[in-house]
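Notes follow once the structure below has been shown.
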Amino acid sequence: MATAIVSRQIVSGGPPPAPGTLVQIFFDAVDRYDRPNALQWKVQGTYRPMSHRTLASRVQHVGLGLRAIGVERGARVGILSENRPEWAIADYACLTTGVIDVPVYPTLPPEQIAYILKDAGVAALFVSTAELAAKVAQVRSQVPTLRHVIGFGEAAWPGVDLTFDTLEARGKAVPDYTEARYRQEAMTAKPDDLATLIYTSGTTGEPKGVMLTHDNFHSNVKVCSEILPFRDDVALSFLPLSHVFERMGDYLMMACGVSIAYAESIDTVPVNMQEVRPTVMMSVPRLYEKIYARVLENALAGGAVKKRIFFWARHVADKWADETLAGRTPRGPLALAYRVAQLLVFSKLKARTGGRMRYFVSGGAPLAPEINKFFYAAGLTILEGYGLTETSPVIAVNTPRHFRIGTVGRPIPGVEVTTAADGEILTRGPHVMKGYFNKPDATREAIDDEGWFHTGDIGVLDDGFLAITDRKKDIIVTAGGKNIAPQPIENMIKTNKYVSQAVVLGDKRKFPIVLVVPNFEHLEKWAKIKNLIWTDRRQLINLPLVLAKMEKEVLRKLTGLASFETPKKVALLETDFTIESGELTPSHKVRRRIIEKRYADRINRLYEEDRETAAQG
């Protein structure tokens, strides 16, 4: 059983809100806002709106439809889909009928889908495409509890028992069910009722079903709606709703009356930003890294004058940011120069986001401070926060009032945070999960006798602000006993335009190394300028001149590191780490064990080369 050995400092964000439910949040939003564009989605090239009233009506019909096919209160229902209005309708239908929904990432392979559905004991499953229906059909015999597969399409695909339209129609045909009666029954939900089972990404071991109650989410939504300035906004929703970050974010947007527009896919986000012109948006650091890399690429690809203007503007913006972050108001020549920099350079960056962006929110993984400061200096504020699936999810977040780059902000109201003797972050409050589904031992391991949840992350508290150092299990301990936190090093490396992905390894080894996936778009341009000849990417990354170039680019980013922290060897990989390959979790965290195993030969070769060099010397 986990024991809380806490430091002297316990930081509390303030008192928690009164307990409540997601049902209350939903119906309050419908009554309070009653707008024509609660949700937006793209149909035949155009974004179409759905009003709060239409959403509430469809939720009722789907909820009654579930009852009509025998899905009772307390049953589990899966949602296997990308973001779209039907996802939200199915979710709210489950919440308002006392059904526990189980979101499943559509990118998972059939075997992992089967594991989750079987472990959760789902009675019914929503699927969004014929391809996903086919995935489920492959493994349906492994899930004996699954009685209904419901397709979001108008026509039934192979492997689908009934369509969403049919389910809605059955619910609509239920006699004597007024809106008032449905709402009255829905409002009997209790704060401690289970709302959902969200399966953890599983960076180590098999996924675990996190039991989150109505009040887990309610407490998060209520306090975040008070400290974050989301009002009369438009949000672009593109992170998977299967992930707790976007899930809670959409509840928050609903509570604040924000119009939620669903991106067509992650790949279309740049285009959808131009169409929707969002004012707020949530993302993992990968999006900001890509935007940053693209801006640098455009600047460096221009002529000498364009480069000078860009780097002058960046210098001016950095000075402006330093003054502003220090609590001072830039004046005189600096204020004038900053306005010119905005006009000449940063206005173009803002235009790429749709031209109306007020706030980005970042979560899921640490954001490189260099990237955060660049966006802030450009006039695009990223509110970085921190949380886990088990904390539904927000533990801390930067706000416009309390903002510090390099941290994840202060704990939110209702949340207590402290650190154990080894630096592990512990948290306690109404946001902490009920436990892991059917795993009492794992629950006792995670939540100690005093109610502290052990996050597995290492961090520090400074003046009430929380900074994340790394994952506890990711900390590298070299053969010489030195501790290395790999994530900050990886973040430094990934700010280089020639780098797409980077993973630092070296546990129990003499020194750390780094596996790098180059940004082949940039690397191939450079190789052509150098008149190099290659036939495929494997051949390209094995050219001595290319390896020397990439080593130079990687190492020049690693400033301020101790000698023992600095990777001594660089290995280039030809393919990106992906969710489908199992190297990334669905929230884009690196599965180090899998990567170490998959590239063991390459890794061992680096250390053997070092031994051979030492022997020759």
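The values are calculated or read from the model by the stated rules, or taken from the named source; none is laboratory data. Here the structure is a predicted model, which means the values were calculated and not measured. With ideal geometry, Cβ positions are generated from the backbone for all residues, glycine too; neighbour counts draw on all protein chains shown.
Highlighted here are the strands (runs of 3 or more DSSP E) found entirely within segment 9-106 that include at least 1 residues which are without any contact (Cβ under 8 Å) to a residue 60 or more places away in the chain and closer than 25 Å to Y436 by Cβ: 76-80. Can you find even one residue in segment 496-507 that is at pLDDT below 95, out of contact with any Asp or Glu (no Cβ under 8 Å at 6 or more places or on another chain) and not in a helix (DSSP H, G or I)? Yes, the conditions are met somewhere in segment 496-507. Under the condition of being crowded, with 21+ Cβ neighbours inside 10 Å and under 15 Å from D233 (Cβ atoms), the residues counted in segment 25-39 number 3.
Looking at segment 240-267 only, could you name the residues that are assigned to a loop (DSSP other than H, G, I, E, B), within 24 Å of F126 (Cβ to Cβ), out of contact with any strand residue (DSSP E or B) (no Cβ under 6 Å at 6 or more places or on another chain) and not polar (S, T, N, Q)? Passing the criteria: P240, L241, H243, I266, D267.
Within segment 175-193, residues that are within 15 Å of H218 (Cα to Cα) sit with their Cβ atoms under 9 Å from residues that are aromatic (F, W, Y) and surrounded by 14 or more Cβ atoms within 10 Å (Cβ to Cβ), at 6+ positions apart or across chains, in these pairs: M187/F27. Looking only at segment 180-193, decide whether some residue is more than 34 Å from the chain's Cα centre (by Cα), among the hydrophobic types (A, V, I, L, M, F, W, C) and modelled with pLDDT of 95 or more. Looking for residues that are more than 34 Å from the chain's Cα centre (by Cα), among the hydrophobic types (A, V, I, L, M, F, W, C) and modelled with pLDDT of 95 or more, one finds at least one in segment 180-193, hence yes. Among the residues in segment 18-36, are any among the aromatic types (F, W, Y), within 24 Å of the chain's Cα centre (by Cα) and over 30 Å from F465 (Cα atoms)? Yes: one or more hits. If you go through segment 77-106 and keep only what is of a type in the set (A, V, I, L, M, F, W, C) and under 12 Å from L117 (Cβ atoms), you end up with V77, I79, L80, V102, V104. Please note which helices (runs of 4 or more DSSP H) are completely contained in segment 515-603 and include at least 2 residues that are of a type outside the set (F, W, Y), crowded, with 17+ Cβ neighbours inside 10 Å and in contact (Cβ under 8 Å) with a residue 60 or more places away in the chain. Filter on segment 515-603 gives 592-598.
Would you point out which residue out of A479, A446 is in the same structural domain as V503 (by TED's automatic domain parsing) and among the aliphatic types (A, V, I, L, M)? One residue alone meets the criteria, A479. Within segment 120-133, the set of residues being surrounded by fewer than 22 Cβ atoms within 10 Å (Cβ to Cβ) and touching a helix residue (DSSP H, G or I) at 6+ places or on another chain (Cβ under 8 Å) comprises S128 only. Being without any contact (Cβ under 8 Å) to a residue 60 or more places away in the chain and out of contact with any helix residue (DSSP H, G or I) (no Cβ under 9 Å at 6 or more places or on another chain) is the filter here, so list the residues in segment 399-424 that pass it. Answer for segment 399-424, where residues must be without any contact (Cβ under 8 Å) to a residue 60 or more places away in the chain and out of contact with any helix residue (DSSP H, G or I) (no Cβ under 9 Å at 6 or more places or on another chain): just G409. Could you please let me know if L117 is part of a helix (DSSP H, G or I) and either within 27 Å of L22 (Cα to Cα) or not charged (D, E, K, R) (or both)? Here the answer is yes, as L117 does meet what is asked.
Restricting attention to segment 443-468, the residues that are surrounded by fewer than 17 Cβ atoms within 10 Å (Cβ to Cβ) and at negative phi add up to 6.
Residues in segment 134-179 that are of a type in the set (S, T, Y) and not in a loop (DSSP other than H, G, I, E, B) were compared, and the one that is surrounded by the fewest Cβ atoms within 10 Å (Cβ to Cβ) is S141.
Across segment 147-162, what is the number of residues that are under 21 Å from G121 (Cβ atoms) and either touching a residue at least 40 places away in the same chain (Cβ under 8 Å) or aromatic (F, W, Y) (or both)? It would help to see each step written out before you state the result.
Looking only at segment 147-162, we keep the residues that are under 21 Å from G121 (Cβ atoms), and these are 147-150, 159-162.
Checking the rest, the ones that are also either touching a residue at least 40 places away in the same chain (Cβ under 8 Å) or aromatic (F, W, Y) (or both) come to 147-148, 162.
Result for segment 147-162: 3.
Being assigned by TED's automatic domain parsing to the domain that holds P285, closer than 30 Å to E490 by Cβ and within 23 Å of the chain's Cα centre (by Cα) is a property that holds for P400. Please work out if F465 is at pLDDT 95 or above and within 18 Å of G385 (Cα to Cα). Yes, satisfied. Checked against the criterion of being polar (S, T, N, Q), crowded, with 19+ Cβ neighbours inside 10 Å and closer than 15 Å to S362 by Cα, segment 265-273 has no qualifying residue.
Do we have K290 as in contact with a helix residue (DSSP H, G or I) (Cβ under 8 Å, 6 or more places away or on another chain) and not polar (S, T, N, Q) here? Spelling it out, it is not the case that K290 is in contact with a helix residue (DSSP H, G or I) (Cβ under 8 Å, 6 or more places away or on another chain) and not polar (S, T, N, Q). Among residues of segment 320-349 that are among the charged types (D, E, K, R), those with a Cβ under 8 angstrom from a residue that is assigned to a helix (DSSP H, G or I), sequence gap 6+ or separate chain, pair up as E323/L334.
Evaluation of G582 against the conditions (1) touching a strand residue (DSSP E or B) at 6+ places or on another chain (Cβ under 6 Å); (2) on the phi > 0 side of the Ramachandran plot shows that the sole unmet condition is (1).
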